[in-house]
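Chemist: Just passing along the structure, written as structure tokens.
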Amino acid sequence: MEEIAEYILNLLKENKAGYCEVRAEKVKSSAFVLKNSNLELGETSVNVGIGARYTINGSLGFLAVNDFNKEKIKELVEKSIRLTKKCQKKSDNVSFGESDINIQDYKVKQNINLESVDASDYLKTLNEVDNSIKDVDGRYFQLSSEVANKYFINSDGSKIKAEIPRVGVFYLLTLVEGSKSLNRKGELGMTGGFEVLNSFKLNERVVNEVNALKNTLNRGVKLKSEAMDVVCGPEVVGIAVHESGGHPYEADRICGRESAQAGESFLNKDYLGKQLGNEKVTIVDDPTIESGYGYFLYDDEGVKAKRKFLMKDGVVNDFLHNRETAVAMGMKNNGSARASDYNKEVLVRMSNTLMLPGDHEDEEIIKDVKKGVYIKNFMEWNIDDKRWQQKYVGSEAYLIEKGEIVKPVINPVLEITTPALYKAIDAIGKKIELHAGSCGKGEPMQGIPVSMGGPMIRLRNVHIK
Amino acid sequence: MKTLKEIANKLEKLNVDEYAISYNEEEASQVKFANSKIVKNGYELSKDIGIFINYKKRLGVTSIKSFSEKDIDNSINALVNFVKKTEQNKEFKGLSEGPFKYKEVDNCFDKKIEDVDEEEAVSEGMKACEEYAEKAAGIFDKYHGKSYLLTSHNVEGQEEYTKYYYTIKAIKNEGSGYDTFCSRIYDKKLVKETALKASKIANDSQKPVEIDEGKYDVVFGMPVTNILLNEVVGHSCMFNVESGLSFLADKLNKKIGKITIKDDARLENGFNSYKFDDEGSPSGTTTILDKGVLKTYLHNYSSAKRNNMINTGNAGLIMQRSSNIVFEKGELEEGNVKDIEKGLYVTNSWYTRFQNYRTGDFSTIPRDGMFLIKKGKIEKAVKNMRITDNMLNLLNNIERIGKEVKQMKTWEADIPTMSREILIKDVNITKPKI
């Protein structure tokens, strides 16, 4: 695979490409689907292929192949170059600028190697959880693991080898009580070996959630539409910072490159340095967080990864960039280029996005609420294509009166604009939790593993219904 | 097919009870544009062997992307060894029994698509967009591929396909408009027509304002209808019904509105039309809602047998998959959907998410042009509103459907739909207070 990658890089150089890069990937994966105690299916696959990107006089070409016959590759490269040259007259004059040359080889440590584990070991975990909640009407679980080996080379001389293992769980539960029903979805994911699965404490987590939802079905009340304090748990903070504290900071959206697909952003360069949230709020995107589901040390352009402060003390501080957008916006690249597979183009992506902790104990945050609602986790959510107004619907949630949690609330709805959300935050907890997700962008759609989270937060006097 | 037969022999030697082996090879290209410039072109050659096995009721799948004899052998052995360590699928009832004779679906292959000049097509669209808008963004994709299927149940099939797909967002100041199409047959006028429609919406959507939340009669533009019907048909897949994740569960033979919705894998020029499904069952046309009455769910062989229903030829071997969505007026009238006293016209939407899959409570958020209609005419552009309602309510409240039909799929709703504009009464519209 490495030899073919180098062959393609040389072919592109011979054809007078300017900047060029090649990504070779081999991803070994397994997955299981358990539905209402029935194992529907197991999957084991090895996905191998090579993607290459290059410029010719500012026209950007991309090609992908998983047949390593050199003659066929040569034909493909020639076809691709013809199209790239043809597109030149209407091209956006893409430039990748200059970048450090990195030569690195890194692997994420696996305490229990994923390849040493049998299918039966994975299923033991799923069966344990399923058996604990047999009285739940709908029980759907997906468990997946992968070991991704990447080999990246570019015409600058960078050469990166990486091995990143990941384990993820997704579940969807349906609880029914007479004519009432509730759904709960959960997603967990981390980088690491099989030990990651145990660290999820899946059984304990799901059983607690089911008990809480049963309580909501039996005793829950619907809120009237009114303004009150809202306390959000880390899972809700996570989705909020991902949707409105991360996506609007992606520079390719700001530049309009993803306009017809994942949308644009209300932010632009004029927002840099402006106060958008409470001064207590700092949001970072950090691929280097060990065990984060979106972990990497070098991005898919071979650039060193680092923590990026998107909102610092409530002020818009930085955007997420790849080489192309950094040049286009005249800013410094910060290594945010990712592609979900060898055959997908590199885009500006988040990794592990979180709100940094504050100085409050969780109990203090709730104690100082006269009337409010605590939304521990969520079910439905969405946001517009400029990331201006969003909606989060609680799954497990409680009414707070005089600093005490008094009863469960059924599906409270927080529908709020981005500035209103971040300005209303007046207390931030000390304890951080990260949750996992698959973030979609690009066309064809690229689902990419990310973490998102933060501490408990309190919004003062916002509208909820 | 020779390689597939060799794989079949190996699986039989390993005592696999049932198998389905598919092979797909495809050549695809893409030109992506934004700010009325080409930002990227792409070329891909892909080959993929997919193997499904039933080994003593333990089910497994693998995908093979590396084709040396050694790699294929390793993948087969890895799959069988993997599956041995799993558990039985107690609900699986087997694969569809062949042999079958397959009829071609008309107009699903057009050699001319291979010769379409992507750069010229994109340039033509960007130029047409200049008529009313300032800039454009979008995608032009084309595909040419072949697929083969061989199963343990006397199934052998092959087909060749061409497809192309175009999407454009036109932008003018704060306003934008969107339109798209997909097709198996080349039609030169489609790009220009689509670009012009998007640019007209962009031009109309200037100086948008917020309006009060509440109940509105809403005209769903074709892309929004595509999204709504993708959800309806997705929820009609038996896997989702059995998982408790469908608002159509317990609704069989009950009336939900008045329209007729079909899954049509034999649709002429249908973007996802096919001769045979993933286990080799011949493709068909399935009426899901007949004048509002839920007639069936979508099935593969196993789910149909398990539920004593008719196989609709929608395998997915575990999870059924829809082909193309077609809908008809049913008991309603066709006509000018915008001929209303007062209402909203939503041209595009995204982020359709469920609060409760079982009840159908959901919301979706409009993007691009949205308008207030008064006395059948667009009065002003509108922004920052959300559709927050229930799928069954929407189906029940469809009042009229448009005459014009266009085949499309959208970014988050990729089941191709012969889409039309529809008028739905009393749709709940919400927005943030701050």
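Chemist: Nearest 500 deg cm²/dmol is fine: what mean residue ellipticity at 222 nm does chain B get from its DSSP H runs of n ≥ 4 alone, each adding -39,500 (n - 2.57), divided by its residue count? Intermediate results must be reported in sequence, preceding the final value.
Modeler: Working: 9 runs with 92 residues, N = 434.
About -6500 deg cm²/dmol.
Chemist: Over all pairs of distinct alpha carbons, what does the Kirkwood formula give as the hydrodynamic radius of the range B:294-411, in Å? Spell out each step's value before the answer.
Modeler: Numbers: mean 1/r = 0.0578 Å⁻¹.
Result for the range B:294-411 stands at 17.3 Å.
Chemist: For B:Lys377, which lysines qualify as cross-link partners when the Cα separation must be under 20 Å and same-chain residues fewer than eight apart are set aside?
Modeler: Output for B:Lys377: B:Lys197, B:Lys200, B:Lys207, B:Lys215, B:Lys338, B:Lys342, B:Lys403, B:Lys425.
Chemist: Debye sum, Cα scatterers, chain B, no solvent: what log₁₀ I/I(0) at q = 0.06, 0.10, 0.11, 0.12 1/Å?
Modeler: Listed by q, the Debye log ratios stand at -0.28, -0.77, -0.91, -1.06.
Chemist: Need the list of lysines near A:Lys304 for cross-linking: C-alpha distance under 17 angstrom, and skip anything on the same chain fewer than eight residues off.
Modeler: A:Lys107, A:Lys150, A:Lys159, A:Lys161, A:Lys332
Chemist: Turning to a different aspect of this structure: In µm²/s, what is D for the range A:5-92 at 37 °C and 0.692 mPa s, where D = kT/(6 pi eta Rh) by Stokes-Einstein and Rh is the Kirkwood radius from Cα pairs?
Modeler: Numbers: Rh = 15.0 Å.
Approximately 219 µm²/s, per Stokes-Einstein.
Chemist: May I ask for the percentage of alpha-carbon pairs in the range A:411-461 that lie more than 16 Å from each other? Don't skip to the answer; put the middle values down first.
Modeler: Values: 791 of 1275 pairs.
Percentage above 16 Å: 62.
Chemist: Okay, next question. According to the square roots a ≥ b ≥ c of the eigenvalues of the Cα gyration tensor, what is the shape class of the protein assembly as shown, taking rounded for a/c under 1.5, prolate for a/b larger than b/c otherwise, and oblate for the remainder? Write out the running numbers ahead of the final one.
Modeler: Values: a/c = 1.14, a/b = 1.11, b/c = 1.03.
It is rounded, given that a/c, with a ≥ b ≥ c, falls under 1.5.
Chemist: While we're looking at this one, here's another question. With runs of 4+ DSSP H residues as the only contributors, calculate the mean residue ellipticity of chain A at 222 nm using -39,500 (n - 2.57) per run, divided by the residue total and rounded to the nearest 500. Intermediate results must be reported in sequence, preceding the final value.
Modeler: Details: 10 runs with 101 residues, N = 465.
Taken over chain A, the calculation gives -6500 deg cm²/dmol.
Chemist: Output wanted: per-residue J couplings in Hz (rounded whole) for the range A:420-431, from phi through Karplus 6.51 cos²θ - 1.76 cosθ + 1.60, θ = phi - 60°, x for Gly and Pro.
Modeler: Result, ordered by residue: 4, 4, 7, 6, 7, 6, 10, 8, 10, x, 8, 9 Hz.
Chemist: Just to be sure I understand: with springs between alpha-carbon atoms less than 10 Å apart, which residue in B:Glu87, B:Glu18, B:Glu331 has the highest mean-square fluctuation in the Gaussian network model of chain B?
Modeler: B:Glu87
Chemist: A further question on this structure: Within 10 Å of each residue's Cβ, count the other Cβ atoms and sort A:Arg349, B:Arg58, A:Arg219 from fewest upward.
Modeler: Working: A:Arg349 27, B:Arg58 22, A:Arg219 11.
Ranking A:Arg349, B:Arg58, A:Arg219 by Cβ neighbours within 10 Å, fewest first, gives A:Arg219, B:Arg58, A:Arg349.
Chemist: Test of understanding: ordering A:Asp285, B:Asp48, B:Asp187 by Cβ neighbours within 10 Å, fewest first, what list do you get? Could the numbers behind the result be given before it?
Modeler: Details: A:Asp285 31, B:Asp48 17, B:Asp187 13.
Exposure proxy ranking, most exposed first: B:Asp187, B:Asp48, A:Asp285.
Chemist: Another question about this same structure. State the Cα centre-to-centre distance between the range B:376-395 and the range A:130-184 in whole Å.
Modeler: Taking the Cα centre of the range A:130-184 as reference, the centre of the range B:376-395 is 34 Å away.
Chemist: Taking every residue in A:130-140, how many Cβ atoms of other protein chains lie within 10 Å of its Cβ, on average? Please report the intermediate quantities before stating the final value.
Modeler: Details: counts 0, 0, 0, 0, 0, 0, 1, 2, 8, 2, 6.
Mean inter-chain Cβ contacts per residue within 10 Å come to 2.
Chemist: Right, here's the next one. Can you list the HN-Hα couplings for the range B:135-141, worked out from phi with the Karplus curve (6.51, -1.76, 1.60; θ = phi - 60°), rounded to whole Hz and with x for Gly and Pro?
Modeler: 8, 9, 9, x, 9, 10, 10
Chemist: A further question on this structure: So which residue, out of B:Ala381, B:Ala78, B:Ala133, gets the largest mean-square fluctuation from a GNM of chain B using Cα contacts under 10 Å as springs?
Modeler: Comparing B:Ala381, B:Ala78, B:Ala133 in a Gaussian network model of chain B, the most mobile one is B:Ala78.
Chemist: List the GluC sites (Glu not before Pro) in the range A:291-369 that DSSP assigns to loop (not H, G, I, E or B) and whose Cβ has at most 13 other Cβ atoms within 10 Å. Which are they? Let's see the in-between values first.
Modeler: Values: sites: A:Glu301, A:Glu324, A:Glu345, A:Glu361, A:Glu363, A:Glu364; in loops: A:Glu301, A:Glu345, A:Glu361.
Listed in order of number, the matching sites are A:Glu361.
Chemist: Using the Cα centre of the range A:2-219 as origin and beta-carbon charges of +1 (Lys, Arg) and -1 (Asp, Glu), tell me which of A:Ser116, A:Thr84, A:Val33 is placed farthest towards the positive end of the dipole.
Modeler: A:Thr84
Chemist: Quick one: check the C-alpha center-to-center distance for the range B:237-293 versus the range A:23-78, whole angstrom.
Modeler: Spelled out, the Cα-based centre of one part sits 32 Å from the other.
Chemist: So, one more: What's the exposure ranking of B:Cys237, B:Cys129, A:Cys439, going from fewest to most Cβ atoms within 10 Å?
Modeler: Details: B:Cys237 26, B:Cys129 31, A:Cys439 22.
Final ranking by Cβ density, sparse to dense: A:Cys439, B:Cys237, B:Cys129.
Chemist: Write down the radius of gyration of the range A:377-465 and its Dmax, each obtained from C-alpha positions, in Å.
Modeler: 15.0, 50
Chemist: I've got another one for you. Could you tell me the center-to-center distance, by alpha carbons, between the range B:334-375 and the range A:332-352 in angstrom?
Modeler: Between the Cα centre of the range B:334-375 and that of the range A:332-352, the gap is 33 Å.
Chemist: Using θ = phi - 60° and the Karplus curve 6.51 cos²θ - 1.76 cosθ + 1.60, what whole-Hz ³J(HN,Hα) does each residue of the range A:219-231 get, with Gly and Pro shown as x?
Modeler: Once θ is set to phi - 60°, the couplings for the range A:219-231 become 10, x, 10, 8, 7, 7, 6, 6, 8, 7, 6, 10, 9 Hz.
Chemist: Taking amide H positions as placed in the peptide plane 1.01 Å from N, state which residues far from A:Glu250 in sequence (5 or more) or on other chains have amide H under 5 Å from it.
Modeler: Answer set, sorted by chain and number: A:Leu320.
Chemist: Ratio to report: Rg/Rh of the range A:2-219, with Cα atoms as the point set and Rh obtained by the Kirkwood method; give two decimals. Each step should come with its number before you reach the end.
Modeler: Values: Rg = 23.7 Å, Rh = 20.7 Å.
Computed over Cα atoms, the ratio is 1.15.
Chemist: Beyond 25 Å between alpha-carbons counts as too far, so tell me which of B:Lys37/B:Lys189; A:Lys441/B:Lys409; B:Lys40/B:Lys275; B:Lys142/B:Lys192; A:Lys386/B:Lys40 fall in that bin.
Modeler: Details: B:Lys37/B:Lys189 21 Å; A:Lys441/B:Lys409 16 Å; B:Lys40/B:Lys275 34 Å; B:Lys142/B:Lys192 17 Å; A:Lys386/B:Lys40 23 Å.
The answer is B:Lys40/B:Lys275.
Chemist: Enumerate the aspartates and glutamates that B:Lys433 could reach by cross-link, defined here as Cα to Cα under 16 Å, with residues fewer than 8 away along the same chain left out.
Modeler: A:Glu226, A:Asp229, A:Asp384, A:Glu415, B:Glu210, B:Asp212, B:Glu213
Chemist: No solvent, one uniform scatterer per C-alpha: report log10 I(q)/I(0) for the range B:2-203 via the Debye equation at q = 0.12, 0.16, 0.17, 0.19 1/Å, two decimals.
Modeler: Debye intensities relative to I(0), on a log10 scale: -0.75, -0.94, -1.00, -1.15.
Chemist: Looking at the range B:207-430 from every direction and averaging, what is the projected area of its Cα convex hull in nm²?
Modeler: Details: hull surface 45.7 nm².
Its average projected convex-hull area is 11.4 nm².
Chemist: Shape verdict for chain A, please, from the Cα gyration tensor: rounded (a/c under 1.5), prolate (a/b greater than b/c) or oblate. Please report the intermediate quantities before stating the final value.
Modeler: Numbers: a/c = 2.31, a/b = 1.46, b/c = 1.58.
Oblate, since a/c reaches 1.5 and b/c is not below a/b.
We did not get these values from a lab; they are worked out from the coordinates using the rules stated. Quick caveat, the model's predicted, so the values are computed rather than measured. Counting neighbours? That spans all protein chains shown, and the Cβs are built from the backbone with ideal geometry, glycine included.
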